[in-house]
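Asker: Okay, handing you the structure first.
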Amino acid sequence: MNRSTVVRGSIYLATVVASWAVLSLGSGAETEVLMVGDVAEVEYEAGSTQEVEDEAATEALRQEAREAVEPPRQVNAEIEETVKSDILSVFEDLQALAIGEGATGPADVIPELPPVEEVTETTQDNTGSTTTTAVAPEATLAGAVYLDIDGDGTFNPDVEAERVDVGLSGISLEVRTHEGVETVTTDAQGLWTVNYAGGPAVVVVDGEDPDVPEGYFISTDNTGQLVECEPGASCQVDNVGFGVSLRNVSEVVETMDARHANLADETILFLATTAADDVVRNALGAPLHLPAIREAAETEASVQLFGQIEPDEITEVQNAVRTDPPFVFHDDTGRDPEGSVAAGEVVASNLQANYLVNAALHAQLQDEAAAGVEPVMVEFRQGAIIARPGDQLTAVQIAAIEATAAPTVEEQPSFGLFAVVTVLVGLVGVYLATFRPEFWARPRMVALLGIMIVLAAGAVRATVALEDTFSWYVLPAVAFGFVTAVLFDQRIAILMAMSVGVLTALGTLDTGITVYAILAALAPIPFVSSVSTRGSFRNAVVLSSIVAAVVAATTSWFFHVGPNDATWDFLNVIPVPYEVVGMSMAWAFGVSVIASLLGLAALQFFESAFDVTTTLGLLDLTDRNHKALQMLQEKAFGTFNHSLMVGTLSDAAARAIGANALLARAMAYYHDLGKTEHPTYFIENQFGISNPHDELDPKESAEIIREHVTAGVTLARQYKIPTDVTEGIVSHHGDGVMRFFYEKARQEYGVDVDIDDFRHIGHKPRTAESAILMLADSLEAACRAIFQSEEPTPSAIEKVVDRIMDEKLEDGQLSESPLTLAEISKIRQAFLESLIGHYHQRIAYPNFPGS
């Protein structure tokens, strides 16, 4: 099912439901409204044998069935993930907080090498000249880079203690001498040596080396050292130590307490201390404690969650975890009791119940159980007393009264109303799809007609409400015929008139107002069909209202005159009920005028909202003062004159075959709007200048000519020109070939030229008006070019007309238009007569220049 079908189906359903709902408002007979607890004023007797439901008893049984359903529980995987994530975040935060932020070693300025002092000796060669040679004996530098574990600032790897300083391997140093820079790396013991020519040297340690353990920085004040080592000597450079940067434990505890308020302070203190200790252990390559505690906590949490914890069990499980915490082992110390307690506390404080009631499923099961309860029915046999005067009415009694009472004559079945509206709207849709496919193919137009039907139903409903105060003839039927004829056409306006009549019959059940509704809605159609100015529209409103008043007079006289209404004997023969007839005529005329004028004002909104091209809109578009036409005249005067002449030809041809002449003229006026973007590239606008196409490649010229279609569409949207008129911009060249530039390209590049590169953008005309525009456009341009140098005799004009029309037919440009051969023949004749009239012979005045 395509999108358009779905849209039309939705419009159909919405129109039916809305019309039915509007007509149903306040309809039906007035009946006594009984409420539970009211006191019966009369005796109620069952008019027929009926069973009614005791809703209170039924609901009580259903409530019992609901309460008997055990709540279903399910493991909530999201809670499990939350618990595990919360536990993991505790340890991740501890590790991140353990190392201090922004810690740096002592400030140290890298020394500069002193100036070179040359040591020279003099020798004499065979020629008697002397040569000076620099002496550079080798020297050796050595040192160490280490982790200052004990924090005393000295490298003591051999002392006996639990943790001693260790050398850092793989750390890069730079030895800068006058001979250059040499990079060395420490060995497994953190030692390094380098040989150089001797003299001053600067040793710099890379404090950002990736092999430095996380959390450590240079703590000794000797990042860069200036060393003076004599040639041939071995010199020891001061050892460079890296100290640990740990955040203050109290600060860690305070931050963790803010992030994990559910954790006990002593647990946070222990874990913070362990995290700090792990920074040192990591540097020494020793097993870490905190990951072991985390692993134990995560394992314990998984075990507890696997056991399906219910909400009322959570406290008990938390206490059990604290009492019997998980084992924590370290590779170097064995079991860690404090770590076990901490792991248990982390798990207990973050543990949540994960075996929860599925509320949605529980409600569904309860509803299913309640639905399975059979209604409690109470039988009331015909003639049985349901309630006596003075009884306080119960819900069962009220249900019995409503179920067994005989319906009044005035009551109309609501579903019957719905059925009639459904058939009415369905037949309107069938008519459009069968006889007016051009409207049926546009969902916006279908929706607009649906809105008109709903508005008509609303007008009928309002008339029913106002009838007692005013008259049946406040129904604004004329406005619906008038507006529909303008927005659509005369045939659909007739269909709308029939629809208004059916809706009036359904809403009022009055034959007289139904007849009036049909005739009054038909009244404006012949007047609207011939209008061509705004004054004609106003005249059509007045004339339609007069006809509606006459119709109101006749229908009220026949249907609504009672035996007691005052009469006046016309010619002493015909008794005229002047009060009823006069009042009906006055209401019909006044309401028709006001409603039609309001409808006329609303037309502009409907035109814009639903992209409808009306006669009023076309009159605005063909006004020479329209902004787009003024812009065309200012920027492309030649194109403007061409468009006016094409409009004259299109108008004449459209009238010849009964097409919409006003639409054809409007399409002609705007078809070349896009030429305002590059006006001088079109021959009609080249006044006293050379043709710019002479300097362009044929493809470039074709592209510029082609763009006037897309530019025209863009400008049409900017100036809010309707789609029906914009269609003339898109299709006035069809997909024809720009022969001049195509042949020019073949001459320049040979026959191997893609003809599609020289086709116009657009599609072939699909309406009679757009086909006429294509022919008129080509014909006017051809005549303008040919008759600049030839005499425009009738026979010459006829040859041009025949050649242009035959060329379009042979090229297949009219293959998608609805024009018949008979209509094409009439168009040909209309073009010929218009052009002969345009190029008529003139008298040569004596002594007049050029005569």
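Asker: May I ask you to list the residues in region 782-796 that are open to solvent by 10 Å² or more (accessible area, probe 1.4 Å) and in a helix (DSSP H, G or I)?
Answerer: Answer for region 782-796, where residues must be open to solvent by 10 Å² or more (accessible area, probe 1.4 Å) and in a helix (DSSP H, G or I): Ala782, Arg784, Ala785, Ile786, Pro794, Ser795, Ala796.
Asker: Looking only at region 170-188, decide whether some residue is within 18 Å of Val280 (Cβ to Cβ) and over 60 Å from the mean Cα position of the chain (by Cα).
Answerer: no
Asker: For Leu779, only one of the following conditions fails: (1) of a type in the set (A, V, I, L, M, F, W, C); (2) modelled with pLDDT of 90 or more; (3) surrounded by fewer than 19 Cβ atoms within 10 Å (Cβ to Cβ). What is its number?
Answerer: Every condition holds for Leu779 apart from (3).
Asker: Would you point out the residue of region 653-673, among those that are in contact with an Asp or Glu (Cβ under 7 Å, 6 or more places away or on another chain) and in a helix (DSSP H, G or I), that is surrounded by the fewest Cβ atoms within 10 Å (Cβ to Cβ)?
Answerer: Selected residue: Ile657.
Asker: Let me ask something else about it. Out of the residues in region 230-269 that are among the β-branched types (Val, Ile, Thr) and outside any helix (DSSP H, G or I), which is nearest to Ile99 (Cα to Cα)?
Answerer: Among those that are among the β-branched types (Val, Ile, Thr) and outside any helix (DSSP H, G or I), it is Val244.
Asker: Restricting the search to region 210-229, which residues are of a type in the set (D, E, K, R) and either at pLDDT below 90 or under 30 Å from Glu101 (Cβ atoms) (or both)?
Answerer: Selection gives Asp211, Glu214, Asp221.
Asker: Of Ala441, Ala395, Ala465, Ala399, which residue is of a type in the set (Gly, Ala, Ser) and open to solvent by 70 Å² or more (accessible area, probe 1.4 Å)?
Answerer: Details: Ala441 fails: open to solvent by 70 Å² or more (accessible area, probe 1.4 Å); Ala395 fails: open to solvent by 70 Å² or more (accessible area, probe 1.4 Å); Ala399 fails: open to solvent by 70 Å² or more (accessible area, probe 1.4 Å).
The unique qualifying residue is Ala465.
Asker: Any idea which of Gly481, Gly429, Gly501 is of a type outside the set (A, V, I, L, M) and under 30 Å from Glu816 (Cβ atoms)?
Answerer: Only one candidate passes the filter, namely Gly429.
Asker: Another question, then. So is Gly207 at pLDDT below 90, under 60 Å from the mean Cα position of the chain (by Cα) and at positive phi or not?
Answerer: Here the answer is no, as Gly207 does not meet what is asked.
Asker: Of (1) touching an Asp or Glu at 6+ places or on another chain (Cβ under 8 Å); (2) outside any helix (DSSP H, G or I), Leu88 satisfies all except one. Which?
Answerer: (2)
Asker: Follow-up. Among the residues of region 184-199, write down those that are touching a Ser or Thr at 6+ places or on another chain (Cβ under 8 Å), open to solvent by 20 Å² or more (accessible area, probe 1.4 Å), more than 13 Å from Ser234 (Cα to Cα) and in a strand (DSSP E or B).
Answerer: If the condition is that a residue be touching a Ser or Thr at 6+ places or on another chain (Cβ under 8 Å), open to solvent by 20 Å² or more (accessible area, probe 1.4 Å), more than 13 Å from Ser234 (Cα to Cα) and in a strand (DSSP E or B), then Thr185 is the only one that fits.
Asker: While we're on this one: I'd like to verify a number: residues in region 734-776 that are crowded, with 19+ Cβ neighbours inside 10 Å, polar (S, T, N, Q) and modelled with pLDDT under 85, how many?
Answerer: Number of matching residues: 0.
Asker: Inspect region 668-688 for any residue being within 20 Å of Ser815 (Cα to Cα) and in contact with a Leu (Cβ under 9 Å, 6 or more places away or on another chain) and give the result as yes or no.
Answerer: no
Asker: Quick one: how many residues across region 430-446 are touching a residue at least 12 places away in the same chain (Cβ under 8 Å) and either among the basic types (Lys, Arg) or not in a helix (DSSP H, G or I) (or both)?
Answerer: 3
Asker: Moving to a separate point now. Tell me whether region 593-613 contains one or more residues that are of a type in the set (S, T, N, Q), modelled with pLDDT under 85 and open to solvent by less than 50 Å² (accessible area, probe 1.4 Å).
Answerer: yes
Asker: Here's a follow-up. Given Val16, Val52, Val36, which one is closer than 30 Å to Thr422 by Cα, hydrophobic (A, V, I, L, M, F, W, C) and touching a helix residue (DSSP H, G or I) at 6+ places or on another chain (Cβ under 6 Å)?
Answerer: Result of the check over Val16, Val52, Val36: Val16.
Asker: Of all residues in region 769-783, how many are out of contact with any Lys or Arg (no Cβ under 8 Å at 6 or more places or on another chain) and closer than 14 Å to Leu644 by Cα?
Answerer: Summing the residues that are out of contact with any Lys or Arg (no Cβ under 8 Å at 6 or more places or on another chain) and closer than 14 Å to Leu644 by Cα in region 769-783 gives 6.
Asker: Please determine whether any residue of region 628-638 is polar (S, T, N, Q), more than 21 Å from Val483 (Cα to Cα), under 38 Å from the mean Cα position of the chain (by Cα) and surrounded by fewer than 23 Cβ atoms within 10 Å (Cβ to Cβ).
Answerer: First, pick out the residues of region 628-638 that are polar (S, T, N, Q): 630, 633.
Pick out the ones that are also more than 21 Å from Val483 (Cα to Cα) and you get 630, 633.
The next check asks that each one be under 38 Å from the mean Cα position of the chain (by Cα); those that pass are 630.
This time we only want the ones that are surrounded by fewer than 23 Cβ atoms within 10 Å (Cβ to Cβ), so: 630.
Taking every residue of region 628-638 in turn, at least one turns out to be polar (S, T, N, Q), more than 21 Å from Val483 (Cα to Cα), under 38 Å from the mean Cα position of the chain (by Cα) and surrounded by fewer than 23 Cβ atoms within 10 Å (Cβ to Cβ).
Asker: Starting from region 486-498, keep only residues that are free of Cβ contacts under 8 Å to residues at least 40 places away in the same chain and closer than 14 Å to Leu522 by Cβ, then list their pairs with residues that are open to solvent by 10 Å² or more (accessible area, probe 1.4 Å) and outside any helix (DSSP H, G or I) whose Cβ atoms are within a distance under 8 Å, requiring at least 6 positions of separation or different chains.
Answerer: Gln490/Ser529
Asker: Failed condition for Glu807, given (1) surrounded by 16 or more Cβ atoms within 10 Å (Cβ to Cβ); (2) without any contact (Cβ under 8 Å) to a residue 60 or more places away in the chain; (3) among the acidic types (Asp, Glu), with all others met?
Answerer: Of the numbered conditions (1) surrounded by 16 or more Cβ atoms within 10 Å (Cβ to Cβ); (2) without any contact (Cβ under 8 Å) to a residue 60 or more places away in the chain; (3) among the acidic types (Asp, Glu), the odd one out for Glu807 is (1).
Asker: Only one of these conditions is not met by Glu254: (1) out of contact with any Gly (no Cβ under 9 Å at 6 or more places or on another chain); (2) in contact (Cβ under 8 Å) with a residue 40 or more places away in the chain. Which number is it?
Answerer: (2)
Asker: Exactly one of these conditions fails for Glu703: (1) among the acidic types (Asp, Glu); (2) over 30 Å from Leu618 (Cα atoms); (3) modelled with pLDDT under 85. Give me its number.
Answerer: Here Glu703 meets the rest and fails (3).
Asker: Six or more apart or on different chains, Cβ atoms under 6 Å: show the pairs whose first residue is in region 213-239 and under 16 Å from Thr140 (Cβ atoms) and open to solvent by 50 Å² or more (accessible area, probe 1.4 Å) and whose second is at pLDDT 90 or above and aromatic (Phe, Trp, Tyr).
Answerer: From region 213-239, no pairs qualify.
Asker: When both residues are 6+ apart or on different chains and their Cβ atoms are under 9 Å apart, which pairs have a first residue that lies in region 316-330 and is without any contact (Cβ under 8 Å) to a residue 24 or more places away in the chain, and a second that is open to solvent by 30 Å² or more (accessible area, probe 1.4 Å) and not aliphatic (A, V, I, L, M)?
Answerer: Ala320/Gln304
The values are calculated or read from the model by the stated rules, or taken from the named source; none is laboratory data. Quick caveat, the model's predicted, so the values are computed rather than measured. So basically every Cβ, Gly included, is an ideal-geometry build from the backbone, and we count neighbours across all protein chains shown. Areas reflect the complete protein model, heavy atoms only, side chains present, ligands, DNA and RNA absent. Shrake-Rupley method; radii C 1.70, N 1.55, O 1.52, S 1.80 Å.
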